[in-house]
Amino acid sequence: MPDLQLVRVDHQHVANADYSGQALDQFSAHGSTFTDCRFDKVKFKQAALGVGMEVSRYLGCSFDGAALTALGGYVRFEKCTFRNLKVTKSAPDYLEFVDCTFTGRITGLQLWGAPLNASDRYARDTASLARRGEPEPPGYRELALRKRNDIRGNDFSSAQLIGVEFRFGVDLSAQELPTGDDYLYLPDAETALLHALAALSQDPSEAAGKAQTFLRSRLEHTVAPGQKQLLLRPKDYERSGTLPPHVALAVEALRHV
């Protein structure tokens, strides 16, 4: 298949299409469904996989080796495969992943358990429609104002997660996670962080003080907004291949709670 600079799919059902190896300036899908399609090693300059005010669905598709830029919109992936995936500049407010398999190096992916500022977004969108004299699409209110994103049954167990974030209430107990010394899983993140903070409070060193600041930041910016479990990869905090002493101290405290 020759390179396509621009692909636009509007309210279509696409099956068994092969976009593998393409370098696309823009891929735009609006209210469409893709079944058993291949996006392997595609380089998206702009990955508009779900534009507009309707969900676009990807069922049994493969994104192995894909590079996705500006991943966002109303997008649902079901039983898709992602091997050696690189994501940059994602907007994960409405991304959903169900029964997907991740292997190899997964870089920069963000998964959010709930959209942020959904009411503000809905108000802006409906005001824009009113100015243009256009009606609100059926079902858009329920879509835009939904309380939860559906993220479950995903298998990350054979993946190397690099800079991957689970935020705003993703249920990590509903996923298969990688294990081993490179990761630290906290099934009750708040309790673990508080216990580690209590242990570090007995240490008067500067490193311990910085470690406490690091842990409090996790409490404030990740746990407080709704993320009950944490999967930490200490290597994500390395600088020039070395873990800062305060981060190493914080991780050690967490491993012993």
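Evaluate the range 211-234: report whether one residue or more is assigned to a helix (DSSP H, G or I), of a type outside the set (Phe, Trp, Tyr), touching a Pro at 6+ places or on another chain (Cβ under 7 Å) and free of Cβ contacts under 8 Å to residues at least 40 places away in the same chain.
The answer is no; no qualifying residue exists.
Would you mind telling me which numbered condition in (1) under 22 Å from Tyr183 (Cα atoms); (2) surrounded by fewer than 17 Cβ atoms within 10 Å (Cβ to Cβ); (3) not hydrophobic (A, V, I, L, M, F, W, C) Asp150 fails?
Exception for Asp150: condition (1).
Let me confirm something: among Ala29, Ala47, Ala70, which residue is in contact (Cβ under 8 Å) with a residue 24 or more places away in the chain, touching a strand residue (DSSP E or B) at 6+ places or on another chain (Cβ under 6 Å), closer than 20 Å to Thr101 by Cβ and small (Gly, Ala, Ser)?
Criteria check complete, one pass: Ala47.
Find the residue count for the range 50-67, including only residues that are aliphatic (A, V, I, L, M) and touching a residue at least 60 places away in the same chain (Cβ under 8 Å).
The number of residues fulfilling the criteria is 2.
Filter the range 228-257 for residues that are out of contact with any helix residue (DSSP H, G or I) (no Cβ under 7 Å at 6 or more places or on another chain) and among the basic types (Lys, Arg); which is surrounded by the fewest Cβ atoms within 10 Å (Cβ to Cβ)?
Ranking the candidates gives Arg239 first.
With at pLDDT 95 or above, part of a helix (DSSP H, G or I) and touching a Lys or Arg at 6+ places or on another chain (Cβ under 9 Å) as the only criterion, which of Ala250, Ala198, Ala192, Ala208 stands out?
Exactly one of Ala250, Ala198, Ala192, Ala208 is at pLDDT 95 or above, part of a helix (DSSP H, G or I) and touching a Lys or Arg at 6+ places or on another chain (Cβ under 9 Å), namely Ala250.
The values are calculated or read from the model by the stated rules, or taken from the named source; none is laboratory data. Please read these numbers as outputs of a predicted model, since none were measured by experiment. Here the Cβ is made from the backbone with ideal geometry for all residues, glycine too, and neighbour counts use every protein chain on show.
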